[in-house]
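In what follows, a structure is listed as structure tokens, so that the remarks can point back to it.
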Amino acid sequence: MKWNFLRLSSWLIALTLLIFSHNIFAQQYKIDKPANWVNTHIIEQPKHSDITKVRDGTLYLLLDNQSYIPSRQKQQRYTRLVMKALNQSGVDYISQLNLDFDPSYESLTLNSLTIIRNNERIDKLGSARMTIIQGESELAERIYNGSLSLNIIIDDMRSGDILDYSYTVAGSNPIYANKFSTRRTLNWSVPVVQQNMRVLWGKQTPLHINTINGAADIQETLNKYGKDYSITLLKNLYWSKTLKPQRGTTRIHKFTFLSLTIGVR
């Protein structure tokens, strides 16, 4: 009788710890619509030439990165990706997602998770399997960086489906003392139908913009949030079509990257 009681007690303790850890992980992220400062972009249709140059069965229709840096509140980074699976390889690739964040100073909000099939939107927020997993460690030094990943497995993905998802990460590493910097490569080795990069600057200190290996048409406007810097590319800049490198630039695998850096000096 005593042995059975001890076994039952151990089982109850293990079950309690499991439920407790599940609740902790569940609180690490939330599901909510994007904030009001986020701009929504229409998905552009690809050209036939884009599809013929696809690798691994995945066509990128939209890469959208938006950052909001208010004067006092936490920095927010919104990301939206739209990808089309052209075959089974594409289905395998886009049906599982990992969204990384560090819970010690960041919070994750999943804004949308949708499949577009035959021009019909199917919401997957309720049916996709979502699990918080431990982030990868730096194995060489055996250092655990404390990051987590929201692992998402999307059910009933089919060839020809379009995956449209977005999320927001709020917060910044305190080691940078609330300073801001972001960098984005603007040309890729695979077709990207549309790219958007935006920084909404709510501080009084000046923001510096620098491009490497080329120029980018950056639009600057004012709104109630502050200065709005944005760039939109409706055609992909392939490695094979890069600009002629200037003296002193670095070649990577015989190709030149056009990149954009925005931040505070």
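Listed conditions (1) at pLDDT 85 or above; (2) open to solvent by less than 10 Å² (accessible area, probe 1.4 Å) are all met by residue 186, apart from (1).
Among the residues of region 58-90, those identified as more than 19 Å from residue 173 (Cα to Cα) and either not hydrophobic (A, V, I, L, M, F, W, C) or not in a strand (DSSP E or B) (or both) are 58, 60, 64, 80, 84, 86, 87, 88, 89, 90. Contact annotation: residue pairs with Cβ atoms under 7 Å, 6 or more positions apart or on different chains, pairing a residue in region 113-129 that is acidic (Asp, Glu) with a partner that is outside any loop (DSSP other than H, G, I, E, B) and surrounded by 14 or more Cβ atoms within 10 Å (Cβ to Cβ), are 123/114. The set of residues in region 216-238 that are of a type outside the set (S, T, N, Q) and open to solvent by less than 80 Å² (accessible area, probe 1.4 Å) comprises 216, 218, 225, 226, 228, 229, 231, 233, 237, 238.
Results for (1) at pLDDT 95 or above; (2) closer than 20 Å to residue 150 by Cα; (3) crowded, with 18+ Cβ neighbours inside 10 Å; (4) not small (Gly, Ala, Ser), shown as yes or no for each residue.
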position	(1), (2), (3), (4)
34	yes, yes, yes, yes
39	yes, no, no, yes
47	no, no, no, yes
56	no, no, no, yes
125	yes, yes, no, yes
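Looking at residue 104, is it in a strand (DSSP E or B) and either among the aromatic types (Phe, Trp, Tyr) or surrounded by fewer than 19 Cβ atoms within 10 Å (Cβ to Cβ) (or both)?
Spelling it out, it is not the case that residue 104 is in a strand (DSSP E or B) and either among the aromatic types (Phe, Trp, Tyr) or surrounded by fewer than 19 Cβ atoms within 10 Å (Cβ to Cβ) (or both).
Tell me yes or no: at least one residue of region 166-173 is modelled with pLDDT of 95 or more, open to solvent by less than 30 Å² (accessible area, probe 1.4 Å), more than 15 Å from residue 74 (Cβ to Cβ) and not basic (Lys, Arg). The answer is yes; a qualifying residue exists.
Kindly provide the set of residues from region 155-192 that are among the β-branched types (Val, Ile, Thr) and either touching a His at 6+ places or on another chain (Cβ under 8 Å) or not in a loop (DSSP other than H, G, I, E, B) (or both), ordered by number. Hits for region 155-192 are 162, 168, 169, 175, 182, 185, 192.
For residue 205, the criteria (1) part of a loop (DSSP other than H, G, I, E, B); (2) within 21 Å of residue 68 (Cβ to Cβ); (3) open to solvent by less than 40 Å² (accessible area, probe 1.4 Å) hold in every case but one, which is (3).
Restricting 161, 92, 155 to those that are open to solvent by less than 40 Å² (accessible area, probe 1.4 Å) and on the phi < 0 side of the Ramachandran plot reduces the list to 161.
The set of residues in region 107-123 being open to solvent by less than 40 Å² (accessible area, probe 1.4 Å) and of a type in the set (S, T, N, Q) consists of 109, 111, 112, 114.
The values are calculated or read from the model by the stated rules, or taken from the named source; none is laboratory data. Predicted model, so just to flag it, every value in this text is computed and none were measured. Quick reminder, even Gly has a Cβ in these numbers, built from the backbone with ideal geometry, and neighbours come from all protein chains shown. The area values use the complete protein model at the heavy-atom level, side chains included, leaving out ligands, DNA and RNA. Shrake-Rupley method; radii C 1.70, N 1.55, O 1.52, S 1.80 Å.
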